[in-house]
1. When you count, for each residue, the other Cβ atoms within 10 Å and take the mean per peptide, how do 713-722, 727-736, 642-651 rank with the highest first?
2. Which value, in nm² and rounded to one decimal, describes the direction-averaged projected area of the C-alpha convex hull of region 224-344?
3. Quick one: of the DSSP bridges fully inside region 396-551, what percent are antiparallel, nearest 5?
4. Using Cα atoms only, what is the angle between the long axis of helix 51-69 and the major principal axis of the chain, expressed in degrees (0 to 90) to the nearest 10?
5. If I take every Cα pair under 8 Å that is 6 or more residues apart in region 97-242, average their sequence separation and divide by the length, what percent do I get for the relative contact order?
6. Express the relative contact order of region 251-367 as a whole percentage, based on alpha carbon pairs under 8 Å and six or more residues apart in sequence.
7. HN-Hα J couplings of region 749-754 from phi, Karplus 6.51/-1.76/1.60, θ = phi - 60°, integer Hz, Gly and Pro as x?
8. Rg and Dmax of region 145-193, using alpha carbons, in Å: what are they?
Amino acid sequence: MSIPAKFEAHKVEGKWYDYWMKHNYFHSEPDEREPYTIVIPPPNVTGVLHMGHMLNNTIQDVLIRRARLKGYNACWVPGTDHASIATEAKVVNKLKGQGIDKNDLTRDEFLKHAWDWTHEHGGIILEQLKKLGCSCDWERTKFTMDDDMSASVIKVFVDLYNKGLIYRGYRMVNWDPEAKTTLSDEEVIYEEKQGNLYYLSYDIEGSNEKVTIATTRPETILGDTAICINPNDERYSHLKGKKAIVPICDRVIPIIEDEYVDVEFGTGCLKVTPAHDENDKVLGDKHKLEVVDIFNEDATLNGYGLHYEGKDRFVVRKEISKELEEKGYLVKVEQHTNKVGTSERTKAVIEPRLSDQWFLKMEELVKPALKAVLEDEEVKLFPKKFENTYRHWMENIRDWNISRQLWWGQQIPAYYYGPGKEDFVVAETPEDALALAKKKTNNDELTAADLKQDPDALDTWFSSWLWPISVFGGIMEPENKEVQYYYPTNDLVTGPDILFFWVARMIIAGYEYRDTKPFTNVYLTGLVRDKQRRKMSKQLGNSPDALKLIEKFGADGVRVGLLMSSAAGNDLMFDEALCDQGKNFTNKIWNALKLIKGWETNDSIEQPESARIALSWYESKFNKTLVEIEDHFSKYRISDALMAMYRLVWTDFCSWFLESIKPAYQQPIDKKTYEEAIRLFEANLKILHPFMPFLTEEAWHQIENRTSEEALIVASWPEIGQIDEDVLSKFDFTSEVVSGIRSIRKKKNIPNKDSISLSLINNENVGKEMDAIITKLGNVSAISYVEEKLDGALSFRVKSNEYFIPMEGAIDVEAEVAKLTEELKYNEGFLKSVQKKLSNERFVNNAPEQVIAKERQKEADALAKISTIKESLSALK
């Protein structure tokens, strides 16, 4: 079989992926084998592959391919998430471009557009994952809005409602004015922003007195319904029981007292706006204050905004501060840094807003999930440091706001039959709802037309928290064969940024609906950053096109490059040079294949001693490295496992083993050595396959023609064999001797083709069994064991052993003497200039300490070099 001169990734990748798909290697069905299961963190249905996906899914593919080689029934379930906020925003923008306003559409009309968008753009990312080599069970692909997946979500909602854990409440929520929906606390990102603190004066009713308050949001004064002072603050005791007048709107409001007020902040006097601040809402409830909401859902001002009606809140902030200044109410403005909540999805500044929403009680639900991670260790986080983050979130959990003012998503299964807040029923279907409503109202006259379903959709996370169960049908059919076999899954690979959003909630759902963990190990990857440690983003333009990287370096090169510097939980500083290094590694392995397959074999040749030693050594080296690799995998140090393989193959196999067994130029190799070399090369391919699937499968089939049952993807992971530590130790020592010979050859320009003799003083009492390796790799004609140093010879040390290479015939002595004399002259001149500087008292007294230390180091280095040159000259003469 003719092996191509170069490994051409673009030709090989499509060929082997099609082959794997054709033979259904990725598909899994329950059988007698032990399952190994991973569920993919479902990317947004309309998303495209970015560097984070590349890292995350490469790690998952490494784990699943290794499990397949180890004989497990490997099942990797792919799928996508409907991403309600992001997808709805894209559809709304698309419609806007066509001159269509969402508000002019019915829900069904809008959903048709959303489904059209999903069908047009959805699933692109899954096709891109195939380019990376991901071996998902594509027949199992799920989407969180599939009928069966949605049915699971609705069933869980109804179940939790019936358990008294879901309730409807009028609460202060996080409002995203761009997406026009509520967000959970976890979807709000707090950023430090530079703003202003505005000091405003309010007139006191019936007097010439004024009171000054400080606020970062002057536009909200139009919603003020009280001013609050601390009852212990003597500065304002004279204001007790009085009323103030809000500037511009002239609303008369009470001055109330509460110890909540911080006397040290601002003026110690607080404006109370119950509709637009969570703490103010608490004060408002306590003191029974009026609630005045001044904002529309898009954060423009409504009728309470008076002449600012219809204008955006930030525009009004500028304009009202100007009006307040003109009317004499603005006392002063100070710069002020505060934390501002922003939407994780749209980046809009969050507006606290009072709203009727659906909530899930978390206090009891969270307890088994806390215990599973922090006490019983049924679920392990890698790295362990994230346990503290997990603890903090879970111990400070609040009820989960699960409703969203969106249409794209599972519609909340609450059906209203009357105008009252409690005039509703919760059911899985409209038919069940009607039956419940008739029973609740004791009115058999009710019809389906009398019921109106809640327009809100459920939070996307409320569907994805069921993912490991629902993909196997475990919600709708808790006893079905699939969920009994594949659940709980084994490993989850995801980012720490969704440890609470998704991971913790899946653990909660697992214990609630399966009474067990959803997975055993959670491998938390770091963020992919650029060389300057900046997070990759479209805005910065520092995120490379994932598919272009694959085109340039090959999928295997990119996979290796990504994992080379990706320790668990630590951010990855991505550099294209890493992918280039990965590509070079593929070329190294390919060249090794070509070298071995290029040798002719001869049955009648005896196996050389150097080959016998090298085979024995590499067998032990491979097994010892395999132990190391298994340990790294057990601790989810995937990058370390790869680096161990990299060193084994690049250095030990290619640089030492192949050189030790390589036949002389145009000479055949003995059959025994050749067959063993092929066996060891195949073992290398097996452990490399999870990381470099395309290259290894191609090389595997280049070695010999194989059937589909003999493909590498379904081969067997190597068993750990015997490790001869004595052979390993002796070979390590021998490799240092060879390196010493090579170093002298390089320094003295002695060609490798020219043989040399070697003498040694054997202080280490090293045996002669490795001499055959030294003879072959050093091109040594003879090895002599001596008692005294050899005059006129070049020397080096390995531990206490001294080695000598006679120069006679090896080098041109006259030319070497001339070269060393010139080098000595230069170094003596350099030393003189350094010592002159150090003898200058003015320099020594005035120069910084580190500069003087540097000069003294130069002096020491020069003296050492001069001594070495003089010794070499003495030996030559």
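1. 642-651, 727-736, 713-722
2. Mean orientational projected area (region 224-344, Cα hull): 8.7 nm².
3. For region 396-551, the DSSP antiparallel bridge percentage is about 70.
4. 60
5. Here the relative contact order equals 8 percent.
6. Reported as a whole number, the value is 16 percent.
7. Per residue, the Karplus-derived 3J(HN,Hα) values read 6, 8, x, 5, 6, 8 Hz.
8. Expressed in Å, the Cα Rg and Dmax of region 145-193 come to 15.1, 44.
The values are calculated or read from the model by the stated rules, or taken from the named source; none is laboratory data. Computed from a predicted structure; not experimentally measured. So basically every Cβ, Gly included, is an ideal-geometry build from the backbone, and we count neighbours across all protein chains shown. Keep in mind that these areas ignore ligands, DNA and RNA; they rest on the heavy atoms of the full protein, side chains included. Shrake-Rupley method; radii C 1.70, N 1.55, O 1.52, S 1.80 Å.
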